[in-house]
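FYI, it's all coordinate maths here, none of it is from the lab. Computed from a predicted structure; not experimentally measured. Cβ sites come from the backbone with ideal geometry, for glycine too, and all protein chains shown count toward neighbours.
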Amino acid sequence: MRTDREPVTVIGLGNLGRVVAEAFLRDGHPTTVWNRSAARAEALAARGAAVAGTAAEAIAAGELVLVTVLDPPAAREVLSGAADAVRGRALVNLTSGTPDDAREVAAWAREQGAAYLHGAVYAVPETIGTEQSSLNYSGSEEVHQRWRHRLDLLGRGTFLGPEPGLASGYDVAVLAGMYGAIGGFLHAAAMARAAGIGATELTPKLVSWLTDLFPALSTFAREIDDRDYSGEESSLAMNQSGLATIIRASRAQGVPVTTLLPLKELVDRQVAAGHGAASLARAVESLEGGG
Ligand SMILES: NC(=O)c1ccc[n+]([C@@H]2O[C@H](COP(=O)([O-])OP(=O)(O)OC[C@H]3O[C@@H](n4cnc5c(N)ncnc54)[C@H](OP(=O)(O)O)[C@@H]3O)[C@@H](O)[C@H]2O)c1
């Protein structure tokens with residue numbers, strides 16, 4: 001433990017909370033931990049963490065308090081049971097949730113006299129604190145300024161702005177993109193398997209093509225922001241035809257098309273409205289009820 005390091009508290013010692021606590025312990029911070037099931041704190045105690053009997057006791061011990069529990073209801077439950085302890089604390093909530101969840105906890109924290117920063121983590125426990133870890137923050141700029149060098153122990157941090165829901169707004173959108181990509185990958189693996197191709201044979205080719213394709217997303221993004229879909233490189237009509245081919249191939253292989261049909265429907269709506277020559281990015285308008 002180093003005398004120049006501030007006391008830190010970690011609430012919730014699941015896969016993420018455990019490595020968060022370890023990062024602060026490694027850097028010499030007096031670290032107090034609390035977990036609903038006490039057994040999970042034992043390994044950290046052996047590494048020098050102080051184990052609090054209640055969440056309120058743990059929060060009272062730290063200047064910086066990190067919350068890493070399963071979901072927003074769990075965060076609400078733990079924090080509301082420790083309301084008296086949070087006054088004057090810098091509360092950094094790394095629990096994933098919606099923008100409204102973050103705004104709600106931020107408003108609650110303000111009422112209790114605590115400063116609130118919400119964090120979205122882009123890492124897995126193994127990569128916390130490495131180059132492969134990054135975090136987006138929104139909420140109290142003062143907390144971010146004051147603690148950013150310590151928070152950098154977890155990964156590269158970016159402050160997005162004072163609106164507490166902003167980091168979660170980015171997060172849910174990024175994760176929606178991620179799940180879309182995973183849906184595509186699983187469908188590709190099922191089609192490959194049906195054709196006698198191993199997923200491990202397919203994947204390098206898929207990754208190579210996606211890596212070449214990804215820069216096009218920035219072009220699509222500009223078109224979407226400008227609502228100008230005049231780009232001619234990848235038209236809706238061409239992609240409608242391409243999707244129809246893949247759907248036919250899937251059906252012929254006995255692979256259900258449940259992941260492809262929703263995208264085809266978005267494209268179909270735009271083509272039916274007379275936009276076949278427009279850029280594929282125009283399909284986003286189908287998600288806005290824009291016809
Ligand atoms: N793991 C990751 O790679 C990762 C990456 C980015 C973001 N996150 C986010 O970080 C958060 C924690 O993830 P995790 O992987 O650490 O989850 P986890 O391993 O499942 O741990 C969940 C933690 O929440 C606690 N908990 C659940 N319900 C509770 C309640 N009602 N009251 C008090 N404590 C409760 C659990 O306590 P018990 O031990 O008593 O069950 C445990 O400490 C999640 O919101 C997750 O989305 C995780």
Check your understanding: What value, in deg cm²/dmol to 500, does the helix sum -39500 (n - 2.57) over DSSP H runs of n ≥ 4 give at 222 nm once divided by the residues of the chain?
Key -> -15500 deg cm²/dmol
Exercise for review: Sort 169-182, 59-72 for me by packing, meaning the mean count of neighbouring Cβ atoms within 10 Å per residue, highest on top.
Suggested key: 59-72, 169-182
Practice item. List the equivalent ellipsoid semi-axes of the stretch 8-163 in whole Å, largest first, each obtained as the square root of 5λ for an eigenvalue λ of the Cα gyration tensor. Key: 20, 19, 14
Exercise for review: Take the alpha-carbon centre of the stretch 37-67, take the same for the stretch 227-284, and report the distance between them in whole Å.
Suggested key: 52
Point to revise | Nearest-20 debye value, the chain charge dipole, Cβ charges on Lys, Arg, Asp, Glu | key: 700
Exercise for review: In whole Å, largest first, what are the principal axis extents of the Cα atoms in the stretch 146-215?
Suggested key: 56, 23, 21
Exercise for review: Answer with one residue from ALA82, ALA49, TYR137: the one whose Cα lies farthest towards the positive end of the charge dipole of the stretch 8-163, charges on Cβ with Lys, Arg +1 and Asp, Glu -1.
Suggested key: ALA49
Review point. In vacuo Debye scattering of the chain, one point per C-alpha: log10 I(q)/I(0) at q = 0.16 Å⁻¹?
Key: -1.13
Exercise for review: Could you work out the mean projected area of the convex hull around the alpha carbons of the stretch 170-287, in square nanometres to one decimal?
Suggested key: 7.7
Revision key, fill the gap. Under 5 Å from the placed amide H of SER140, counting only residues 5+ away or on other chains, we find TYR116, LEU117, HIS118
**Study point:** Listed peptides 87-99, 7-19 by packing density, highest first (mean Cβ within 10 Å)
**Key:** 7-19, 87-99
